[in-house]
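Structure first, then comments.
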Amino acid sequence: AKQAYVRAKPHLNIGTMGHVDHGKTTLTAAITKVLSERGGAKYVPFDRIDRAPEEAMRGITINISHVEYETATRHYAHVDMPGHADYVKNMITGAAQLDGAILVVSALDGIMPQTREHVLLAHRVGVEHVVVALNKADGADPELADLVELELRDLLAEHGYHDVPIVRVSGLRALEGDPEWEASIVALLEAVDDTVPVPVRYTDAPFLLPVENVISVTGRGTVVTGAIERGTVEVGDTVQAVGIGDGVTAVVTGVETFGKTMDRGEAGDNAALLLRGVRREQVRRGQVLAAPGSQTAHRRFTARVYLLTAAEGGRHTAVVSGYRPQFFLRTADVPGRMELTGPGDGAEPGAVVALPGDTVEVTVELGRPVAIEAGLGFAIREGGRTVGAGTVVAPLD
Ligand code: GDP
Ligand code: MG
């Protein structure tokens, strides 16, 4: 029989962010290794986090990797994402749902473009708490590290992050078992425990889980995974798949987290739900599983959209009515068309075009219906980069 998950400590979602090669995945592996020696984790090696390329080739869209661990006071689910595009997408759409972030900065390289972008993005999507892991401190000149630290404080303050703990660590040396650097990982986690407060969860709302992955398990049925956004779910509950195609209604016959069974999944948990009598192809990524009747799918909606500037990684040129980018809403990725209906706070009154840096009112028509509600955040992407961040004003039809 499977082990049961005991909800003895508050659960939080955190993740690494930062420039490519600054050591996010190494640090993630090091945290699990150091805590495994203290009874708080199962060690997850580097190449289990940075998923093997074969998995991607088999067509499973894995762009977010979760590990779990415990400190003395908390249970954490920690996400590590392989590439910059995955950060932008998962953070703007809210798929990553971070209560706090560990910004990984190499003390050898200092602030790099993706360091800036991730700080900007974290602030924009409402990540309120950041802790810096000043990594590769094993190889860095301490005076150079002091300079990087000063620059980091400026960058963080520019985006409203004050009194951010900056902890000098070496993910690599800790992974190799060097006691001095193992202690740096413990210090980093203490800073996370102290800095990131336990968030208020929407457990009283109707159940909602954006579908991340659907797996067929021989002899058991179809398993749907994702982070519970709102509400709670128990064995015996009925859930409905909403969006993309025709949605099935099914009874939940199992709830698990990180391979352990749960009596009840709650908002904030990463859950795997076993569904009775459902075939794998009846549920898919991009749908939501919801309490029946609580969510509706729409193709059209009005929204307010901010167009990223070129410096933020956005377009260099204007957008006109009839623009056809790709829309990312929770885990859904659908083509659509956008009409400009009015200027927001940035654009000139009466503007028929919107420039990078403008905020505009738009009507969106999606290629397929998706679960939409007022206040939902979404990302607009084109040619592999994010060009806009939007918020739904109202669903239409
Ligand atoms: P990511 O792209 O941010 O996930 O970076 P990785 O974890 O893949 O690390 C990139 C490279 O930096 C690898 O060659 C690591 O071995 C190296 N690296 C990571 N952490 C450290 C560290 O603390 N010290 C040193 N010297 N190298 C490190
Ligand atoms: Mg990595």
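The values are calculated or read from the model by the stated rules, or taken from the named source; none is laboratory data. Computed from a prediction, not measured in an experiment: that's the story for all the values here. Note that each Cβ is placed from the backbone with ideal geometry, even for glycine, and that neighbours are counted across all protein chains shown. Heavy atoms of the whole protein, side chains included, go into the accessibility calculation; ligands, DNA and RNA do not. Shrake-Rupley method; radii C 1.70, N 1.55, O 1.52, S 1.80 Å.
With 0.36 nm allotted per residue and the present C-alpha distance subtracted, the Thr195-Thr73 stretch has 42.6 nm of extension available. Beta bridges assigned by DSSP with both partners in region 112-257 are antiparallel in approximately 75 percent of cases. The chymotrypsin sites (Phe, Trp or Tyr not before Pro) of region 64-135 include none that meets both conditions, a loop assignment by DSSP and at most 16 other Cβ atoms within 10 Å of the site Cβ. Charge dipole of the chain (Cα centre as origin; +1 on each Lys and Arg Cβ, -1 on each Asp and Glu Cβ, all else neutral): 1740 debye, rounded to the nearest 20.
A Förster distance of 25 Å, applied to the separation of the beta-carbon atoms of Val393 and Val353, puts the FRET efficiency at 0.75. Within 10 Å of each candidate Cβ there may be at most 12 other Cβ atoms; applying that plus a DSSP loop requirement, which GluC sites (Glu not before Pro) in region 286-384 survive? Of the GluC sites (Glu not before Pro), not one in the loops of region 286-384 has a Cβ with at most 12 other Cβ atoms within 10 Å.
Positive-end ranking of Thr218, Thr195, Phe207 along the dipole of region 131-225, with charges on Cβ about the Cα centre, is headed by Thr218.
Step by step: find N for the chain, compute 2.2 N^0.38 Å, then divide the Cα radius of gyration by it. What's the final number?
Dividing the Cα radius of gyration by 2.2 N^0.38 Å gives 1.00.
Label separation (Thr218 vs Met112): 4.2 nm, computed from points 7 Å beyond Cα along the C-beta direction. Kindly list the residues of region 239-270 that lie in the label zone of Thr296, defined by a backbone N under 15 Å from the point 7 Å along the Cα-to-C-beta vector. The answer is 242-243. Compared with the direct C-alpha span, the chain from Thr238 to Glu37 gains 68.3 nm at full extension, assuming 0.36 nm per residue.
The mean sequence distance of close C-alpha pairs (under 8 Å, at least 6 residues apart), as a share of the length of region 198-280, puts its relative contact order at 33 percent.
Heavy-atom accessible area for Tyr202, with the other protein chains in place and a 1.4 Å probe, reaches approximately 150 Å². The portion of the accessible surface of region 204-312 made up by carbon and sulfur, rounded to a whole percent, is 45 (1.4 Å probe; DNA, RNA and ligands excluded). In a reduced charge model with +1 at each Lys and Arg Cβ and -1 at each Asp and Glu Cβ, region 219-264 shows a dipole moment near 120 debye about its Cα centre. Positive end of the dipole of region 265-359, charges at C-beta (+1 Lys, Arg; -1 Asp, Glu), about the Cα centre: which of Leu274, Leu355, Val305 has its Cα farthest in that direction? The residue sitting most towards the positive pole is Leu274.
Full extension of the segment from Ala187 to Asp47, taken as 0.36 nm per residue of separation minus the current Cα-Cα distance, would add 47.9 nm. Counting only heavy atoms of the protein chains and using a 1.4 Å probe, His11 has close to 20 Å² of accessible surface.
Calculate, for the chain, the solvent-accessible area per residue in square angstrom, rolling a 1.4 angstrom probe over the heavy atoms of the protein chains.
43 Å²
Net charge dipole, region 185-285: roughly 580 debye, given to the nearest 20, about the Cα centre with Cβ charges of +1 for Lys and Arg and -1 for Asp and Glu. Of the GluC sites (Glu not before Pro) in region 125-177, the ones in a loop by DSSP (not H, G, I, E or B) with at most 16 other beta carbons within 10 Å are Glu128, Glu176.
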